[in-house]
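Read the structure below first, then the notes.
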């Protein structure tokens with residue numbers, strides 16, 4: 001019996017040490033690496049291993065679809081409110097322009113929590129349902145600066161027709177806007193529905209050089225992009 005009590009105490013001490021070792025206080029910055037794509041308001045979340053804003057190869061949730069097609073964070077923040085997650089919505093105070101770096105988030109402390117992972121999302125404009133995504137990156141516990149280049153994802157919920165028509169509601173075809181004011185008009189539609197309806201790596205936009213017709217309202221000389229599309233900088237205190 002005495003031996004069991006000793007082992008139990010050791011196990012408890014190890015568990016407490018592990019919990020303390022995984023705690024961190026950190027800030028996050030996001031840099032837009034594209035030439036002509038804007039990011040809608042960012043969502044930065046610290047969460048446990050069971051929580052995800054998105055998962056590659058899985059069907060997008062309604063909340064993710066609303067963000068990827070229209071930039072709305074409302075559904076995702078409600079989802080996070082139902083967990084132990086800590087998050088900051090819109091740290092940049094609006095759109096993040098090409099080349100811009102968001103202001104650092106306020107300090108996030110994961111002490112006394114199981115929120116050992118960080119995720120970041122934002123819609124890419126102009127796209128139909130493209131978004132930047134960092135999924136469940138393990139938060140470093142050692143003080144320092146850590147950078148992660150991240151890809152653009154396709155939510156798999158809307159055809160990439162590349163038609164700018166103001167449609168931003170989930171399930172409504174089209175692109176809400178081209179914030180740079182550099183889109184054309186009269187496009188007939190660049191692509192049909194995705195053959196992969198789950199969240200997957202975005203194949204980029206096609207665009208064309210016809211400002212008043214063609215298949216796309218996007219300009220291939222401006223809006224074309226390849227991965228990675230963003231850089232996340234995590235500074236652990």
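Every number here is computed from the coordinates shown, using simple stated rules; none is lab data. Here the structure is a predicted model, which means the values were calculated and not measured. We place every Cβ from the backbone using ideal geometry, glycine too, and count neighbours over all the protein chains shown.
How large is the convex hull of the Cα atoms of segment 25-236 per residue, expressed in Å³ as a whole number?
Here the figure is 99 Å³ per residue.
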Q. Which FRET efficiency value, to the nearest 0.05, is calculated for residue 149 and residue 209 with the Förster distance at 30 angstrom and r the Cβ-Cβ distance?
A. 0.55
Q: First check a/c for segment 24-123, with a ≥ b ≥ c the square roots of the eigenvalues of its C-alpha gyration tensor; if it is under 1.5, answer rounded, and if not, answer prolate when a/b is larger than b/c or oblate otherwise.
A: oblate
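Specify, per residue and in Å³, the volume enclosed by the convex hull of the alpha carbon atoms belonging to segment 142-183.
146 Å³
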(Q) If R₀ is 30 angstrom, what is the calculated FRET efficiency for the pair residue 23 and residue 101, using the beta carbon separation as r and rounding to 0.05? (A) 0.65
Q) How far is helix 2-21 tilted, in degrees, relative to the longest principal axis of the Cα atoms in the chain, given as a value from 0 to 90 rounded to the nearest 10? A) 30 degrees
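Expressed as a rounded percentage, what relative contact order does segment 25-236 have, with Cα pairs under 8 Å and six or more residues apart? Please list the in-between numbers first.
Values: 590 pairs, mean separation 58.4, N = 212.
Normalised by residue count, the contact order of segment 25-236 is 28 percent.
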(Q) Using a 7 Å offset from the Cα along the Cα-to-Cβ direction at both residue 196 and residue 90, what is the distance between the two label points in nm, to one decimal? (A) 3.3 nm
Q) Add -39500 (n - 2.57) for each DSSP H run of 4 or more in the chain, then divide by its residues: what number comes out at 222 nm, to the nearest 500 deg cm²/dmol? A) -5000 deg cm²/dmol
Q: Arrange 132, 222 by Cβ neighbour counts within 10 Å, fewest through most, would you?
A: 222, 132
